Ligand code: NAD
Ligand code: IPM
Ligand code: MN
């Protein structure tokens, strides 16, 4: 029997609406196939919300998100509001939403897909088989610490603050997932310099006692940045602070071959949001060239979180089929490429089991779309 879920759809700026449209195609194909009822409510966030209301996170949007079983987010950010001297910026909308929903664990899986290893600038043998998950703390640290400037405007500061409970809850989340994988957890920090990092080690060590089967290791973030490229296979689960996680996850996207491949789940005690790791890619906006895979896989992560595992599997399989058949957007294959919307149509057809479309794709024909 089908389930009913309320889903908030926050497409955002730039390529956000373009990739979201493809995610929604996949979602609707699943809805039809399994007889579910997904009640979608769209709301504005980021630059488009500033344009309309002066606020990057309007109250109405927050209410839609709070009322939903899950939130899907495209991306935020526009060049119009990129000037760092501006007081109101799109990014505040996203940060405010993460904080308001209590989404402290941002889960970013990274994989070297066999079919794509040749497309990464990193040597095949280094990345083949790489498969790890980054747990990025999302509602604390330097992103949310005290900041400001002096009266003379000759000094500015941001502070990295962490409470024990903030570290404990993400550590638990990471250990639990490590238990389902290779049972290896690596804490990425800068404990040779930062007091907050030393506190992370102390706190994670205590949590580790509850997971004796998991091997806990530590790596300084500068070294981790190098190891990610030299030997990404060594990683299973990584856990790290907000800023470090932001940086290493974009770096990790090089393993897959494109930032357009990386999905994420942001989880709190009672709420959840799913969004690509990438941003609004303003240079690509309006051209139908963005890779919607990250968004579509974010929908799959949502289904897994909602315990709709077969539905999630269908999406993973459909993306796998696209890779097998070299159905790719220009970021991965500039020679023979499919547009963002064509890619979404194909994923939709594969999920729906539309024989004719799949066959045509196999024959390399673009005419069906
Ligand atoms: P970006 O992630 O938007 O783009 C960086 C580069 O990655 C692009 O030039 C492009 O080459 C590639 N890329 C990203 N997404 C892609 C996709 N789906 N398909 C193909 N290629 C893709 O980062 P940026 O240019 O530094 O930031 C642009 C704006 O996005 C800024 O306003 C920034 O604050 C915002 N941003 C938002 C989010 C979010 O909404 N979660 C995340 C990161 C950046
Ligand atoms: C991300 C983005 C955001 C972050 C920005 C847009 C606020 O880079 O989701 O990775 O830094 O968290
Ligand atoms: Mn980022």
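So for the chain, averaging the separation of alpha carbon pairs under 8 Å that are six or more residues apart and normalising by length, what relative contact order in percent results?
On the way: 781 pairs, mean separation 78.5, N = 369.
Taking the mean separation of contacting Cα pairs over the length of the chain, I get 21 percent.
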(message) What number do you get for the chain when its Cα radius of gyration is normalised by 2.2 N^0.38 Å, N = residues?
(response) 0.99
(request) Would you kindly calculate the translational diffusion coefficient of segment 129-183, applying Stokes-Einstein with the Kirkwood radius from alpha carbon pairs, for 25 °C and a viscosity of 0.890 mPa s, and quote it in µm² s⁻¹ without decimals? (result) 178
(request) Sort 3, 237 so the one with the fewest other Cβ atoms within 10 Å of its own Cβ comes first. (result) 3, 237
(request) Considering Cα pairs under 8 angstrom that are at least six residues apart, work out the relative contact order of segment 1-76 and quote it in whole percent. (result) 51
(request) Sticking with the crude label model, points 7 Å out along Cα→Cβ, report the distance from residue 247 to residue 233 in nm, one decimal please. (result) 2.8
(message) Compute the helix-to-body angle for 242-256: its Cα long axis versus the longest principal axis of the chain, expressed 0 to 90° and rounded to tens.
(response) 40
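Where does each of 65-77, 10-22, 248-260, 205-217 land if you order them by average Cβ count within 10 Å, highest first?
Put in order of decreasing packing, that is 10-22, 65-77, 248-260, 205-217.
Hey, fewest Cβ within 10 Å first, where do 169, 198 land in order? Could the numbers behind the result be given before it?
On the way: 169 18, 198 14.
Least to most surrounded, the residues fall as 198, 169.
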(message) Taking R0 as 25 Å, what FRET efficiency do you get between residue 40 and residue 269 from their Cβ-Cβ distance, rounded to the nearest 0.05?
(response) 0.55
(request) Return the distance in nm (one decimal) between the two label points of a simple spin-label model at residue 33 and residue 83, each offset 7 Å from Cα along Cα→Cβ. (result) 4.8
(request) Give me the compactness ratio for segment 266-343, meaning the Cα radius of gyration over 2.2 N^0.38 Å. (result) 1.22
(message) Need one number: nm distance between label points at residue 181 and residue 52, each 7 Å from Cα along Cα→Cβ, rounded to one decimal.
(response) 3.7
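Can you tell me the FRET efficiency between residue 222 and residue 158 if r is taken as the Cβ-Cβ distance and R0 is 25 Å, rounded to the nearest 0.05? Don't skip to the end; give the middle numbers.
Working: r = 19 Å, r/R0 = 0.76.
Efficiency at R0 = 25 Å is approximately 0.85.
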(message) Per-residue counts of other Cβ atoms within 10 Å, averaged by peptide: what ranking do you get for 285-298, 141-154, 84-97, highest first?
(response) 285-298, 84-97, 141-154
(message) Between residue 335 and residue 213, what's the calculated FRET efficiency when r is the beta-carbon distance and R0 is 35 Å? Round to 0.05.
(response) 0.15
(request) Please determine, in degrees from 0 to 90 and to the nearest 10, the orientation of helix 309-324 with respect to the longest principal axis defined by the Cα atoms of the chain, where the helix direction is its Cα long axis. (result) 70
(message) Using only the alpha-carbon atoms, how far is helix 195-208 inclined from the longest principal axis of the chain? Give it as 0 to 90 degrees, nearest 10.
(response) 70
(request) Determine Rg/Rh for segment 22-150; Rg is computed over alpha-carbon atoms and Rh is the Kirkwood hydrodynamic estimate from the same atoms. (result) 1.05
(request) Compute the distribution of all C-alpha to C-alpha distances in segment 140-284, in bins of 5 Å from 0, and list the percent of pairs in each, rounded to whole numbers. (result) 2, 8, 16, 19, 21, 16, 10, 5, 2, 1, 0
(request) Could you please state, rounded to a whole Å, how far the C-alpha centre of segment 243-257 is from the C-alpha centre of segment 327-354? (result) 24
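A short reminder: the numbers here are calculations on the coordinates, not readings from a lab. Only a predicted model underlies this, so the values are computations on that prediction, with no experimental measurement involved. Positions of Cβ are backbone-derived with ideal geometry, glycine not excepted, and every protein chain shown enters the neighbour counts.
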